[in-house]
Amino acid sequence: MAIPRSCMSIREIASSLQNGVLSSSELTSFCIHQIKATKSLNAFITVAEKEAEDLAIQSDVRIKNGSTRGLLDGLPVAFKDNFNTKGTRTSCGSQMLANYYPPYNATVVQKLLNEGAIMMGKTNMDEFAMGSGTVDSIYGPTKSPWRSGLRYKLWHRNKHRHQASSIMEKEQFSTFTDKDWFIAGGSSGGSAVAVAVGSCFAALGSDTGGSTRNPAARCGIVGLKPTYGLLSRYGLIPLVNSLDVPGILTKTVDDASLLLNVLAGHDPKDSTTVLDPFCPVKISEEPNISGVHVAMPEEYYCPGMSSEVVETWKEIADLLERGGAKVTNVSMPHTQYSISCYSVLNCCEVASNFARYDGIEYGHRATNESSTESLYAATRHEGFNEVVRGRILAGNYFLLKRNYDKYFQKALKVRRLISNDFLGVFEKGVNVILTPVTLTDSPPYSLWKLKDSRQQSSIEDYCTQPANMAGVPAVSFPCKLSSQQLPISLQLMAPCFHEQTLLTVAKWIEQRLDFPLLDLEV
Ligand code: GLN
């Protein structure tokens, strides 16, 4: 029998499952154990223990009978709590939907279930995916597993060896207290932590301005935001319809492409999905990057970026150059306007989207029914946190007749300019753009909370938002550990529908780095 470990990739797990040396039931109990043992990290809002066990038994029967549904059959996965899951609570981390049990599955959820994947549960998130830390959920914040007081070894995949010397123990960090822990990133922090600690082997997040790439970067795993329109948003509770994309969180680039191939494709239920048939991504075992044109946009150097992040960026650029890529500096002059532009567009779409939560048709309903107006007000006051209410108010202000041109229309024009920056660079023959993901490694919660969290949250998205503005695919991948022993990741972006190039370059880099995965001893 093979023994599952938190550091294993889907490919490793899948071959054990398909060969019969590991059963889905064994794997599922392992994941349930991991979920329970890492409960203090607060990655899950809902754990579907019984349902997962039942599905695992069915999968074992299929595999035994030779009627396996493929590589994902029997594989434990998790979904961010903003993907509709039939009969399983889907709260968006908010009081507003705390009792919402959807009558249907999101298309991407259904696609994974059709492949035989096992849903372990629903993961924690910032309320309605607004945030970059997973600190604003009614279920409490999610903590990074790194330096969390859990006992783990670092598994060096490329060197195929354990480094027992790297056991992290709480006692090693004498200044470390339960109050002082590091943020998991967000808003899909629950999904990132769940994958990092082996509570599942892949998870879905959503990415509107970086919410998949950011927590993946902070938790030391891979986060893929596919091209806008490649994956269905049907059943993903909307934040900003024109920017939202389902995101994929896995331990390796290969695993991310495996999921992408299952999830991509037109959905008649989402008219923004592309009609063209999806050509599955296939990355060779030994990817080649010679002649690939990599660009480094100078505007992505941003005030507040740590020297360790800048160094990592340069090191990876040098690595690519040595590997035969052509690396050049480019200018993307409108990058600096992304945060302000995003704040206007985000709030405007939020104001429109969130009008549905009125206490009558959807969600929580306050008991104050003295008038329709007071019912609305009480419902929203009780149902939404300050961040959500603030965005609804700002959005309605931007959309007032007298402000519409000044804010909303102007932001749309700026968005076009940001998008044109990408087109301009890609038209010059650039294949991928290399940038940081976050400005620093994970801050401790105590520090994060000191700053105004709204302001901090938007600055965090400096490097990730532009890809959503332009709709281009982007992937974040871990590169090394900082001096604090926390992950530092970089991001690659490519032209729309060029996931093949994007993931090929990412895999090439991954193979040359020795980024350690967590091997939890719990
Ligand atoms: N941090 C951004 C926001 O709060 C992005 C969120 C996301 O990608 N869902 O809007």
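Hey, how many Å between the Cα centroid of the stretch 1-39 and the Cα centroid of the stretch 71-91? Taking the Cα centre of each part, the stretch 1-39 and the stretch 71-91 sit 17 Å apart. Just list whichever of Lys143/Lys480; Lys80/Lys449; Lys64/Lys143 have alpha carbons separated by over 29 Å in the model shown. Listed pairs above 29 Å: Lys64/Lys143. Computed from the Cβ-Cβ distance with R0 of 41 Å, the FRET efficiency linking Asn19 to Lys86 stands at 0.80.
Full extension of the chain between Ser352 and Val310 yields a length gain of 11.3 nm, computed as 0.36 nm times the residue separation minus the alpha carbon distance.
When +1 charges are put on Lys and Arg Cβ atoms and -1 charges on Asp and Glu Cβ atoms, the dipole computed for the stretch 5-283 relative to its Cα centre reaches about 600 debye. A Stokes-Einstein calculation at 25 °C with viscosity 0.890 mPa s, built on the Kirkwood radius of the chain over Cα pairs, returns a diffusion coefficient of 107 µm²/s.
Using just its DSSP H runs of length 4 or more, each adding -39500 (n - 2.57), the chain gives a mean residue ellipticity at 222 nm of -11000 deg cm²/dmol after division by all residues. Over the stretch 5-283, the reciprocal of the mean inverse Cα-Cα separation, the Kirkwood hydrodynamic radius, stands at 18.6 Å. Computed from the Cβ-Cβ distance with R0 of 22 Å, the FRET efficiency linking Asp180 to Lys39 stands at 0.70. Between Leu417 and Asn65, full extension at 0.36 nm per residue minus the direct alpha carbon distance yields a gain of 121.1 nm. Charges were assigned to the Cβ only: +1 to each Lys and Arg, -1 to each Asp and Glu. The resulting dipole of the stretch 53-144 about its Cα centre is roughly 200 debye. Taken along the Cα-to-beta-carbon direction at a fixed 7 Å, the label points for Gln409 and Thr367 span 4.8 nm. Taking every DSSP bridge with both residues inside the stretch 5-283, close to 70 percent are antiparallel. Can you give the net charge of the other residues whose Cβ lies under 9 Å from the Cβ of Thr107, counting K and R as +1 and D and E as -1? It works out to a net charge of +1. Could you tell me the distance between the Cα centroids of the stretch 241-297 and the stretch 385-462, to the nearest Å? About 23 Å separates the Cα centre of the stretch 241-297 from the one of the stretch 385-462.
Using the charge dipole of the stretch 5-283 (Lys, Arg: +1 at Cβ; Asp, Glu: -1 at Cβ; taken about the Cα centre), state which of Ser232, Phe79, Leu258 has its Cα farthest towards the positive end. Projecting each Cα onto the dipole axis, the largest value belongs to Leu258.
If you wrap the Cα atoms of the stretch 179-304 in a convex hull and average its projected area over all directions, you get 10.8 nm².
What you get for the chain, charging only the Cβ of Lys and Arg (+1) and of Asp and Glu (-1), is a dipole of about 200 debye around the Cα centre.
Name the residue from Phe30, Leu275, Asn214 whose Cα lies farthest towards the positive end of the charge dipole of the stretch 5-283, charges +1 on Cβ of Lys and Arg and -1 on Cβ of Asp and Glu. Looking along the dipole axis, the top candidate is Phe30. At an R0 of 51 angstrom, the distance between the Cβ atoms of Glu51 and Ser331 translates into a FRET efficiency of 0.50.
Counting neighbouring beta carbons within 10 Å and listing from fewest to most, the residues Glu12, Glu499 come out as Glu12, Glu499. Counting only DSSP beta bridges whose two residues both lie in the chain, roughly 70 percent are antiparallel.
Extension gain, Ser482 to Asn114, is 128.5 nm, computed as 0.36 nm per intervening residue step minus the present C-alpha separation.
Each label was represented as a point 7 Å from its Cα along the Cα-to-Cβ direction; for Cys279 and Lys401 these points are 5.1 nm apart. Among Tyr407, Tyr100, a tally of other beta-carbon atoms within 10 Å of each Cβ gives an order, fewest to most, of Tyr100, Tyr407. Given the pairs Lys225/Lys326; Lys282/Lys413; Lys111/Lys410, which span a C-alpha to C-alpha distance of over 32 angstrom in this model? Long pairs (Cα-Cα over 32 Å): Lys282/Lys413; Lys111/Lys410.
No value in this document is a laboratory result; all are computed from the given coordinates. In this text the structure is predicted, and so the values were computed from the model without any measurement. Please note: Cβ atoms are built from the backbone with ideal geometry, for glycine as well, and neighbour counts cover all protein chains shown.
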